[in-house]
Amino acid sequence: MLFEATINVAVPVSLADYTGPGLIVPQLREGDTAGIISELSQVLQRQGAVPDVLPFYQSALNQELLTSSALDCGLAFPHARLGGVRRLQFAFGRTPEPIVWGARSCWPVQLVFLLAVPATDAAGYLQLLASLARLGQQPELVAQLRGAENAEDILAVLGQIRMRQG
């Protein structure tokens with residue numbers, strides 16, 4: 001009997017597999033929800049993750065204003081799901097000081113993950129969101145993200161957060 005092993009190199013192993021150095025902004029310039037979503041939307045567009053920045057930005061901002069994605073640990077996960085997005089990815093940004101996030105949020109936010117979600121990838125999106133939520137339950141990793149020097153250091157921390165398979 002012959003067994004064949006297949007390796008799927010496209011299967012994400014860690015949060016770092018959903019981003020890259022060009023999608024990480026260690027020092028955001030903007031200081032409010034709309035400005036940060038705009039800044040990170042432009043980063044996603046420049047890196048080819050979203051084809052058109054304006055519909056993506058409007059969708060992400062509208063979604064965030066309807067339901068805040070902020071967590072009490074200082075993280076926010078705004079997202080937009082659009083047909084032109086080919087691959088599930090996120091841009092990451094960090095504010096120098098915590099800011100009030102969204103219109104109704106009572107949580108100060110310092111770390112923002114803006115997710116670009118393909119219209120048909122509900123399962124992948126939920127798996128990524130679950131992993132990001134687990135990150136919020138690991139204060140030592142959140143502290144490492146806050147203290148990382150540059151994009152490469154942030155990427156290394158994100159590489160420590162493993163995805164659950166299945």
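The values are calculated or read from the model by the stated rules, or taken from the named source; none is laboratory data. Not measured: the values here are computed from a predicted model. Cβ: placed from backbone, ideal geometry, glycine included. Neighbour counts: every protein chain shown.
Can you tell me which residue among Pro108, Pro51 is modelled with pLDDT under 95, over 26 Å from Gln144 (Cβ atoms) and in contact with a Gly (Cβ under 7 Å, 6 or more places away or on another chain)?
Details: Pro108 fails: over 26 Å from Gln144 (Cβ atoms).
It is Pro51.
State the number of residues belonging to region 128-151 that are in a helix (DSSP H, G or I) and without any contact (Cβ under 8 Å) to a residue 40 or more places away in the chain. Break it down stepwise before answering.
From region 128-151, those in a helix (DSSP H, G or I) are 128-135, 139-147, 151; that's our starting set.
With without any contact (Cβ under 8 Å) to a residue 40 or more places away in the chain added as a condition, the list becomes 130, 134, 140-141, 143-144, 147.
Counting residues in region 128-151 that are in a helix (DSSP H, G or I) and without any contact (Cβ under 8 Å) to a residue 40 or more places away in the chain gives 7.
Can you find a residue in region 65-88 that is touching a His at 6+ places or on another chain (Cβ under 6 Å) and assigned to a strand (DSSP E or B)?
Taking every residue of region 65-88 in turn, none turns out to be touching a His at 6+ places or on another chain (Cβ under 6 Å) and assigned to a strand (DSSP E or B).
Within region 25-73, which residues are small (Gly, Ala, Ser), touching a residue at least 24 places away in the same chain (Cβ under 8 Å) and more than 12 Å from Phe113 (Cβ to Cβ)?
Within region 25-73, Gly31, Ala34, Ser41, Ala49, Ser68 qualify.
Go through (1) at pLDDT 95 or above; (2) over 21 Å from Gln47 (Cβ atoms); (3) surrounded by 17 or more Cβ atoms within 10 Å (Cβ to Cβ); (4) not β-branched (Val, Ile, Thr) one by one and return the number of the condition Leu135 breaks.
(1)
Given the condition within 17 Å of Ala133 (Cα to Cα), out of contact with any Ser or Thr (no Cβ under 7 Å at 6 or more places or on another chain) and crowded, with 22+ Cβ neighbours inside 10 Å, answer yes or no: does some residue in region 92-110 qualify?
yes
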